[in-house]
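Only one structure is covered here, and it is reproduced in the block below.
The values are calculated or read from the model by the stated rules, or taken from the named source; none is laboratory data. Quantities reported herein were computed from a predicted structural model and do not represent experimental measurements. As a convention, Cβ positions derive from the backbone with ideal geometry for all residues, glycine included, and neighbour counts pool all protein chains shown. Please note that ligands, DNA and RNA were not included when accessible areas were found on the heavy atoms of the full protein model with its side chains. Shrake-Rupley method; radii C 1.70, N 1.55, O 1.52, S 1.80 Å.
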There are 2 protein chains.
Amino acid sequence: MRDFSSDHSMLALNTATLGHNLKGHGAGWSSEQVIEACAERGLGGITFWRREIGTRAIDIGDRVRDAGMQVVGLCRTPFLTGPLALPSRQAILDDFHASIQMTHDLGAPVLTIVTGGVIEGSHSITESLKRVQELVATMAPVAAEANVVLALEPLNPVYGGNRSCLVSVRDAVDMCAAIGADNVQIAIDVYHVWWDTSLASELKRAGRNRIAGYHLCDWLADTTDVLLDRGMMGEGVADLKGIRAAVEDAGYDGYCEVEIFSADNWWKRNPDEVLDTMVDRFRTVC
Amino acid sequence: MRDFSSDHSMLALNTATLGHNLKGHGAGWSSEQVIEACAERGLGGITFWRREIGTRAIDIGDRVRDAGMQVVGLCRTPFLTGPLALPSRQAILDDFHASIQMTHDLGAPVLTIVTGGVIEGSHSITESLKRVQELVATMAPVAAEANVVLALEPLNPVYGGNRSCLVSVRDAVDMCAAIGADNVQIAIDVYHVWWDTSLASELKRAGRNRIAGYHLCDWLADTTDVLLDRGMMGEGVADLKGIRAAVEDAGYDGYCEVEIFSADNWWKRNPDEVLDTMVDRFRTVC
């Protein structure tokens, strides 16, 4: 297991930690301010959200690299299934394609997939997973052509209804194997998997080179909102070192990306404080 | 799989469906009113909560049987771990004992265990599960003496922090096997397991005679509250027939108990309407 106690060169910021995933949240820093603040602190990279990139993907990607960092990834594809998905298969594929193109333009290696929930009227998580699998398999060659890895991110089961029919590492591993494309992999997020005692064995089953991302935050014991009340590392109940050990034992040696949705706490603080805390916690409790 | 399309003799009411698990909710019917309304409709039984029983366990149990039904179970033990547990081991064991005694006095066969969350400061779901296992193993002979089955109920992972470190059927099966007492079994609740594609295989792994209860409700795709916004069967995304098939394939032939926490919807309706709807949905979509 890597020792990060005096080294945070593998720490990355997911800009959701500053509220950039949702309009009207956070301090509203520009991408330039975010890049500068991360570079000043010696972070290794940044993951962005599509809404903050707009038409500036090439420019923002270059700025990150000019500042000595990497663009770690892009959040995310459109929902592929369920009540929040676009209305037609073609609209979903078109937007999926646009997200791949943006990832490519940023020079980012990874695009995160959040699958979307259970197909309306189906009452079937299994059927919904099959639809996701078919759509991801369809787009995998398009992503490969653009040098983009698609990272299936299993979400916490609490999102199973509307946001992600993919809610377990087990199902993500099965879907990766079924698709069988080198560039279809898995993202592991502490918030979504902290409870899963089968994590280490499932990641071993996935085989080497199947983990495309590792996301840090914490699960608050008395969470007040399952979407926007994530904890900073160390504030919650997750076994952060144990989870990282499982991820690294399965061969992951990439960035550790901090992604904290926290409307009433961290998003209300000064981003400088958030970034400083994040660096400190990464070195001490992750 | 049993055919309930024209038979609801195996349908049971969990009184939480009428708001009886929380003070100040529901229409406030007396136990006598609940028993009469269930008997009138031909239900097979009732599961109560400790708060509504008080010192009347023997009397209420007799009334249920006099009305031609069974007391199916009692909710529930105290939390055994985590921030909501009583302050000392002895206090927890004493209250655990009291809940076993109440189950016995009611003439109910099953007492549900909700384990409690992650031990404060431990950051370890594994350590918390070990503590639960030790406490349940300690009380299993006491329960056996009282002819009471202890039903470990894995809750949805969203409760992992504060209410239940036991959040997967897999972990419940493992804990049953580790304790190895005939009267330590598992309760399966749709709300908690609907997302788990390993349900059927895990229940097979549990072996025969390990399921002590089956609880019905539905998971609403756009749930607004993870504690008090459960759906009536048919309103949500769960594969109700598929889940029951898995439970029955594993040998369960007992009651199907409707347990719907719904502060802003079903608890605000007339209990007669709730019970009528429940019977109709049980026959048509469960």
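Given the residues A:Ala178, A:Ala146, A:Ala140, which is the only one that is more than 9 Å from chain B (Cβ to nearest Cβ) and closer than 22 Å to A:Gly54 by Cα?
Numbers: A:Ala178 fails: closer than 22 Å to A:Gly54 by Cα; A:Ala140 fails: closer than 22 Å to A:Gly54 by Cα.
Answer to the selection: A:Ala146.
For segment A:201-217, enumerate the residues that are more than 11 Å from chain B (Cβ to nearest Cβ) and open to solvent by 10 Å² or more (accessible area, probe 1.4 Å). Before you say what the answer is, go through the steps one by one.
Step one: of segment A:201-217, the residues more than 11 Å from chain B (Cβ to nearest Cβ) are A:203-217.
Scanning segment A:201-217 gives A:Lys204, A:Arg205, A:Ala206, A:Gly207, A:Arg208, A:Asn209, A:Arg210, A:Ile211, A:Ala212.
When residues of segment A:83-97 are filtered for being open to solvent by 50 Å² or more (accessible area, probe 1.4 Å) and within 14 Å of chain B (Cβ to nearest Cβ), how many remain?
Residues flagged as open to solvent by 50 Å² or more (accessible area, probe 1.4 Å) and within 14 Å of chain B (Cβ to nearest Cβ) within segment A:83-97 amount to 1.
Have a look at B:His123, B:His104 and point out the one that is within 14 Å of another protein chain (Cβ to nearest Cβ), open to solvent by 60 Å² or more (accessible area, probe 1.4 Å) and modelled with pLDDT of 95 or more.
Numbers: B:His104 fails: within 14 Å of another protein chain (Cβ to nearest Cβ).
Just one listed residue meets the conditions, B:His123.
So which residues in segment B:119-143 are more than 25 Å from B:Asn209 (Cβ to Cβ), assigned to a helix (DSSP H, G or I) and touching a residue at least 12 places away in the same chain (Cβ under 8 Å)?
B:Ile125, B:Ser128, B:Arg131 - these are the residues of segment B:119-143 that are more than 25 Å from B:Asn209 (Cβ to Cβ), assigned to a helix (DSSP H, G or I) and touching a residue at least 12 places away in the same chain (Cβ under 8 Å).
When A:Ala172 is evaluated against the numbered criteria (1) open to solvent by less than 10 Å² (accessible area, probe 1.4 Å); (2) out of contact with any Pro (no Cβ under 7 Å at 6 or more places or on another chain), which criterion, by number, is the only one it fails?
Answer for A:Ala172: the failing condition is (2).
Are any residues in segment A:181-198 open to solvent by less than 10 Å² (accessible area, probe 1.4 Å) and more than 10 Å from every other protein chain (Cβ to nearest Cβ), and if so, which ones?
A:Val184, A:Ile186, A:Ala187, A:Ile188, A:Asp189, A:Val190, A:Tyr191
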